[in-house]
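Quick notes on the structure that follows.
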Amino acid sequence: MIPAGVAHKNDGASPDLLVVGAYPGGKGPDMKSPGARERERVLSNIRSVALPDRDPVYGRSGPLLERWRAAGTN
């Protein structure tokens, strides 16, 4: 799982690689390119992303949620 605001891209793939993107609540990706003009709006969008209600592997409790809560995210 890649948290909101973390830049990432695919530099290549192989036949045995599968990447799946999933966005909760009918949301979709917010693709941005570097640029100072949008920085404040983008930072505000990142802060408004809610924690998921469950860890995608461990369920209602798990390392993903524990680490995000410990970091003070939302």
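The values are calculated or read from the model by the stated rules, or taken from the named source; none is laboratory data. Treat the numbers as computed from the prediction; the structure is a model and nothing was measured. Side chains included, ligands, DNA and RNA excluded: accessible areas come from the protein's heavy atoms. Shrake-Rupley method; radii C 1.70, N 1.55, O 1.52, S 1.80 Å.
Of note:
- Correct option for percent of Cα pairs over 21 Å apart [calculated from the coordinates] among (i) 34; (ii) 50; (iii) 40: (iii)
- Helical content of the chain, expressed as a calculated mean residue ellipticity at 222 nm, amounts to -6500 deg cm²/dmol (DSSP H runs of 4 or more residues, -39,500 (n - 2.57) each, divided by residue number, nearest 500).
- Computed extension length for S48-N10: 11.1 nm, one decimal, from 0.36 nm per residue of separation with the Cα-Cα distance subtracted.
- Fraction of accessible area attributable to carbon and sulfur, the chain (%, probe 1.4 Å): 54
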